[in-house]
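The values are calculated or read from the model by the stated rules, or taken from the named source; none is laboratory data. All figures in this text were calculated on a predicted structure; none of them were measured in a lab. Using ideal geometry, Cβ is built from the backbone for each residue, glycine included, and neighbour counts are taken over all protein chains shown. The protein model used for the area step is the full one, side chains on, heavy atoms only, and it has no ligands, DNA or RNA in it. Shrake-Rupley method; radii C 1.70, N 1.55, O 1.52, S 1.80 Å.
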Amino acid sequence: MTTVTVIGKPDCHLCDVAHEIVDQVVADLPDGVAARVEVVEKSILDDPELYELWWEKIPVVLIDDRLHAHWRVAAERLRRALVETDDVEVGR
């Protein structure tokens with residue numbers, strides 16, 4: 001299972017855009033890959049540690065707890081990263 005974590009906060013335009021991109025990329029992945037992707041949303045307002053780490057870089061996208069992008073999310077780059085991560089996980 002691959003976990004994509006989107007870190008942002010309410011009323012953040014770039015965060016809303018990042019959520020839309022992540023949702024669209026996951027929806028467009030091949031079924032076998034999409035079934036192994038879990039999207040988790042977290043707010044920096046709910047977690048002081050997240051706030052301290054990321055407040056000036058939101059939105060932040062992590063793949064399996066590793067930084068993938070901040071401020072702006074590129075759909076094609078995210079799709080490629082998720083497919084590559086899936087290939088590694090299933091041993092291709």
If you go through Arg80, Arg72, the only one that is loosely packed, with under 13 Cβ neighbours inside 10 Å and part of a helix (DSSP H, G or I) is Arg80
Sole miss for Asp16 among (1) under 16 Å from the mean Cα position of the chain (by Cα); (2) part of a loop (DSSP other than H, G, I, E, B) is condition (2)
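Can you tell me how many residues within region 52-68 are without any contact (Cβ under 8 Å) to a residue 12 or more places away in the chain and open to solvent by less than 100 Å² (accessible area, probe 1.4 Å)? Please lay out each step first, then the result.
Pass one, region 52-68, residues without any contact (Cβ under 8 Å) to a residue 12 or more places away in the chain: 52-53, 55-56, 66-67.
The next check asks that each one be open to solvent by less than 100 Å² (accessible area, probe 1.4 Å); those that pass are 67.
Total satisfying the criteria: 1.
For every residue, the table says whether it meets (1) among the polar types (S, T, N, Q); (2) under 16 Å from Thr85 (Cβ atoms); (3) surrounded by fewer than 15 Cβ atoms within 10 Å (Cβ to Cβ).
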{"position": "Thr5", "(1), (2), (3)": "yes, yes, no"}
{"position": "His13", "(1), (2), (3)": "no, no, yes"}
{"position": "Val17", "(1), (2), (3)": "no, no, yes"}
{"position": "Val25", "(1), (2), (3)": "no, yes, no"}
{"position": "Val33", "(1), (2), (3)": "no, yes, no"}
{"position": "Val39", "(1), (2), (3)": "no, yes, no"}
{"position": "Ile44", "(1), (2), (3)": "no, no, no"}
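Identify the residue in region 56-92 that is among the β-branched types (Val, Ile, Thr) and over 18 Å from Asp23 (Cα atoms) and, among all such residues, is modelled with the lowest pLDDT.
Taking the candidates together, the pick is Val90.
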Cβ pairs under 6 Å, 6+ apart, first in region 5-18 and within 17 Å of Asp65 (Cα to Cα), second modelled with pLDDT of 95 or more and acidic (Asp, Glu):
Val6/Glu41
Taking region 1-13 as the search range and keeping residues that are touching a strand residue (DSSP E or B) at 6+ places or on another chain (Cβ under 6 Å) and in a strand (DSSP E or B), which one is farthest from Asp47 (Cα to Cα)?
Thr2
